[in-house]
Amino acid sequence: MIISQLKPLDELQQALAEFDKLFLVGCAACATACKSGGEEEIFKLQEWLVTLEKDVTGSVVIDEACHIMRAARDLRHHKNAVQSAEAVMVLACGSGVQSISSNVDKRVVGGLNSMFLGNVRRFGHYEEMCSLCGDCILNETAGICPVTTCAKGLLNGPCGGMKDGHCEVDADIECAWRLIYERLQSQQRQGVFARRVPPKNWSRRRQPGRYQLNKGS
Amino acid sequence: MSRLSEQLSRGQFVVTAEIAPPKGTNLAPALAAVAKFEGITAVNVTDNQGANMRLSALALAAQLQKAGTETILQLTCRDRNRMALQSDLLGASAFGIENLLLLSGDHSKFGDHPDSRPVFDLDSVQLLDMTAGLMMGIDMAGKPLNGVPKFFPGAAVNPAAEPFELMFQKVAKKVDSGARFFQTQSIFDRNALERFMSAMKPLRVPVIAGVLLIRNARMARFLNENIPGVQVPDALIERFDRTADPLAEGLAIARETVDLARGLCQGVHLMTLGHEGMIPAILK
């Protein structure tokens with residue numbers, strides 16, 4: 001899921017300075033799961049806005065805020081509350097914020113910073129394991145992604161900063177290449193070590209991404 | 001043919017040193033420091049060393065080559081994508097630079113621009129492959145070059161890295177990708193160097209051992225905490241703690257490492273960090 005966290009309150013206060021009436025939008029998917037934009041966080045946000053003497057005209061937690069048409073439908077159901085607000089404040093990832101901003105003619109204030117596509121280790125502990133590069137190498141690397149979990153995204157083995165099998169950037173993190181090496185060894189295969197991996201095809205991650213199921217990318 | 005490649009191919013023991021470009025445009029101190037080097041085959045010019053922004057290594061190396069000093073241009077993948085790397089390599093060749101040390105580069109986190117976006121479009125193995133391609137007259141897009149560069153590409157290695165086999169498979173890839181010499185991280189451990197050199201033997205690529213002049217215990221501890229790939233053993237730090245003259249102790253340690261390298265390696269790379277005047281004493 002997309003891991004997001006609340007922006008610093010002083011930054012939000014500044015972003016809201018010119019508005020007195022706000023409509024609030026949360027997301028029932030990722031932002032609910034990682035406790036940044038579900039019912040509970042929308043309620044807390046409302047309490048905080050009251051301390052700033054702002055009016056909340058209404059709120060909705062959209063099933064998937066990234067679904068542009070569904071967001072439009074849910075906002076239509078709250079048409080009057082949205083219309084009476086000066087701005088719409090969104091607790092969802094950047095995708096969710098843009099679904100909303102493309103569906104309302106009000107100013108939209110995003111309340112979260114979107115961080116990464118995250119795996120859940122346990123409640124409240126998230127780890128990035130895939131960076132959506134469009135050119136997956138996992139079948140050769142024993143199911144461990146060096147593009148994401150190596151701090152430098154190296155494709156041909158560890159850098160010179162590996163220290164006792166740990167990462168130079170964060171000594172608490174095991175070197176991705178050590179993990180790949182050990183797992184390939186336990187599977188008794190060479191995998192990615194059998195060849196020099198050529199430079200990555202970054203054109204597969206061209207920005208902005210577009211994909212249509214029936215037409216391909 | 002560069003002097004470095006010539007001396008290495010003749011089996012002569014080479015000595016390299018290094019200079020960092022200035023933070024700013026004043027080249028005079030760097031040029032003066034290099035002028036004081038004695039008995040050096042070639043001078044490494046570092047590339048935003050430790051991820052600290054400085055004047056372009058290519059610009060300083062070009063000036064040094066013009067002044068008659070043979071350089072080893074360091075080039076990292078941290079700050080440039082594959083187009084910029086190729087451009088800089090062609091530019092280096094146009095300035096008469098042949099020796100290269102091709103690196104991944106320390107992560108931006110360690111330097112003075114920790115908020116910058118690290119590039120790492122290529123890794124060091126791919127950078128070596130690309131350089132080999134340029135030397136054959138084709139760029140990464142497969143297009144022919146009008147004027148083909150001559151390089152003597154080298155790579156870096158940390159002989160003491162663990163796990164050893166994992167580190168060494170990358171060394172082997174670098175050799176396959178055209179590394180003609182290695183310069184190592186600072187050496188402090190005889191056993192680690194011996195193990196590495198015996199693994200290197202069948203590859204027949206010369207190794208230039210890194211020798212760092214440590215000035216005192218504080219510097220040693222700083223290196224251990226802040227410089228990736230450098231690990232000063234506790235036994236050496238204790239030698240600094242015991243002595244009344246730490247600089248003399250550092251000199252003694254550097255000399256011991258040079259002696260070790262004379263028996264095992266094909267050269268030494270001296271990192272004196274402002275104490276260039278001590279180079280003759282280290283080599284004595």
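The values are calculated or read from the model by the stated rules, or taken from the named source; none is laboratory data. Quantities reported herein were computed from a predicted structural model and do not represent experimental measurements. Here the Cβ positions follow ideal geometry from the backbone for every residue, glycine too, while neighbour counts run over all protein chains shown.
Brief remarks on what is shown
- The set of residues in region A:182-207 being at the interface with chain B (Cβ under 9 Å from one of its Cβ atoms) and farther than 20 Å from residue B:165 by Cα consists of A:198, A:199, A:200, A:202.
- Residue A:155 being more than 10 Å from every other protein chain (Cβ to nearest Cβ), among the aliphatic types (A, V, I, L, M) and in contact (Cβ under 8 Å) with a residue 12 or more places away in the chain: no
- Residue ID - nearest to residue A:154 (Cα to Cα), chosen from residues in region B:96-130 that are among the acidic types (Asp, Glu) and facing another protein chain (nearest Cβ under 9 Å): B:123
- Flag for residue B:138 being buried (at least 21 other Cβ atoms within 10 Å of the Cβ) and β-branched (Val, Ile, Thr): no
- Just one of the listed residues (B:31, B:73) is crowded, with 21+ Cβ neighbours inside 10 Å and either at pLDDT 95 or above or aliphatic (A, V, I, L, M) (or both), namely B:73.
- Residue ID - farthest from residue A:199 (Cα to Cα), chosen from residues in region B:49-76 that are in a loop (DSSP other than H, G, I, E, B) and in contact with a strand residue (DSSP E or B) (Cβ under 7 Å, 6 or more places away or on another chain): B:69
- When residues of region A:172-181 are limited to those that are within 10 Å of another protein chain (Cβ to nearest Cβ) and in contact with a strand residue (DSSP E or B) (Cβ under 9 Å, 6 or more places away or on another chain), the one farthest from residue A:127 (Cα to Cα): A:178
- Yes/no for residue A:36 being farther than 19 Å from residue A:19 by Cβ, of a type in the set (Ser, Thr, Tyr) and touching a residue at least 40 places away in the same chain (Cβ under 8 Å): yes
- Single residue of region B:153-179 satisfying the filter (over 12 Å from residue B:103 (Cα atoms), touching a Phe, Trp or Tyr at 6+ places or on another chain (Cβ under 6 Å) and of a type outside the set (S, T, N, Q)) that is surrounded by the fewest Cβ atoms within 10 Å (Cβ to Cβ): B:166
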